[in-house]
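Just below is one structure, and these are the notes that go with it.
Bear in mind these aren't lab numbers, they're just calculated from the coordinates by the rules spelled out. Bear in mind that the values here come from a model prediction, so they are computed numbers and not experimental data. Glycine gets a Cβ as well: all are built from the backbone with ideal geometry, and neighbour counts include every protein chain shown.
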Amino acid sequence: MTRLSEDNTEDLIRKSLERLATRAPDGSEIRDALNQRSRSRSRMALALVAAAVAIIALGVPLGLRAYTAVPPASPRNADWAVLPYKPGWLPDGFKEAIRCAKPYPAPQTRDWSAGDRGQIQLTTTPLDDRRGPWTIAPAPNQIIVHGRVGMVTEVYGDATMLTWSPDDIYLLSLTLYGVKEPREVGQRIADEMVKDDRARVSGELRFGRLPADLALSGVKTFMRVNGGATELEATNAGQPAAAAVVTASIGGERPEADGAEPVTVKVRGVDGLYLPVREGRLGHQDETVAVQLGDGRWLTVWGKRDRATLLDIAENLQIIPGDYSWFGKPPE
């Protein structure tokens, strides 16, 4: 694939920002900044790319593929299951609870929780080869992290997010939910952020066989009351940042019928269950197949595919040793 031109990139991002204006936190500030054209096309393109990355970090789908045209900026991006950064300091009581990774150029996330004292999420997104700093935020919203310009903003109405680039490879977004003095705490965490490159997202599942039009697009590991859990996602091949088409999970909970009548089916040689598409108190749920394993946990596959396809995926899932040793610990 070839790099998008600056003209196409600008047009795509502007159209996406307009479509998302009512949903993106602080979207008006970003759009206003983009409307103030700079002295050169190169500086304008840089600001547009920074705005797009910031919105991606907020978890708002842009619906454009500008980043899929960019090759990895460094071999460090090749193994997307390795988490490149971690906080060197967090407030007392915050323990790691979730790890999630997706192939380049999608973001990776890590979450730390301290119960009613709040939650802290670190999102790492690869940059392209254009370099910061950028200044798309108003001066009161700017922060400085080791000499680099970033921004701080309120998001989702009850959280504060700090965004900056510690190097020329990654954009970091630190979101603090329910944390007292979030700007001050976030600034200290940002100042003490350190390289990791050792922590991994290592779950218990691998896809053994997928339909030809699907490919692995993400892995998430987390803990439930009754033990560790892993989720694998597959999406349309060549679109790693798109929404999952099929998801497979291993964990301790039976899928909820939510008003549907389960149908008994053979899954991996034993009686399992099939649930059709359903609408209930949990909202829309896709077709689902599930089976209880010998250790009592449930293996579940669901998504926008028919029963036969979901059964075939479930039959060919590989169950491997997973690593949950990091759960419930502060950064080491």
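For the stretch 81-95, take each phi angle, set θ = phi - 60°, evaluate the Karplus expression 6.51 cos²θ - 1.76 cosθ + 1.60, and give the result in whole Hz per residue in order, putting x for glycine and proline.
For the stretch 81-95, the Karplus curve yields 7, 8, 8, x, 9, 8, x, x, 8, 9, x, 4, x, 8, 10 Hz.
Using R₀ = 51 Å, calculate the FRET efficiency as 1/(1 + (r/R₀)^6) where r is the Cβ-Cβ separation of E261 and D158; round to 0.05.
The calculated FRET efficiency here is 0.85.
If each residue's Cβ is checked for other Cβ atoms within 10 Å, how do D92, D111 rank with the fewest at the top?
In order of increasing Cβ crowding within 10 Å: D92, D111.
Just rank R198, R117, fewest to most, by other beta-carbon atoms within 10 angstrom.
Least crowded to most crowded, the residues run R198, R117.
Ranked by Cβ crowding within 10 angstrom, fewest neighbours first, how are V246, V263 ordered?
V263, V246
Measuring from label point to label point, each 7 Å out along Cα→Cβ, what is the R254 to R198 span in nm?
For R254 paired with R198, the spin-label model returns 4.3 nm.
What is the extension gain from N226 to D92, computed as 0.36 nm multiplied by their sequence separation minus the C-alpha to C-alpha distance, in nm to one decimal?
45.7 nm
Once you sort the root eigenvalues of the Cα gyration tensor of the stretch 205-319 as a ≥ b ≥ c, which label holds: rounded (a/c under 1.5), prolate (a/b larger than b/c) or oblate (the other case)?
Judged from the Cα gyration tensor, the stretch 205-319 comes out rounded (a/c under 1.5).
Per residue of the stretch 303-308, what does 6.51 cos²θ - 1.76 cosθ + 1.60 with θ = phi - 60° give for ³J(HN,Hα)? Whole Hz please, x for Gly and Pro, Karplus curve as stated.
x, 8, 9, 6, 4, 4
Test of understanding: what is the full-extension gain from A237 to E184, defined as 0.36 nm times their sequence separation minus their Cα-Cα distance?
Once the chain is fully extended between A237 and E184, it gains 14.9 nm.
For the pair V270 and Q142, how long in nm is the line joining their label points, each one 7 Å along Cα→Cβ?
Label-label distance for V270 and Q142, simple model: 6.1 nm.
Could you work out how far apart the two model spin labels at V277 and D168 are, taking each label as a point 7 Å from the Cα in the direction of the beta carbon, and quote it in nm?
In this crude spin-label approximation the distance works out to 4.9 nm.
As an exercise, use a Förster radius of 22 Å and the Cβ-Cβ distance of R206 and D295 to find the FRET efficiency, rounded to the nearest 0.05.
In this case the efficiency is close to 0.75.
For Cα pairs less than 8 Å apart in space and 6+ apart in sequence, what is the mean separation divided by the residue count of the stretch 268-309, i.e. the relative contact order in percent?
32 percent
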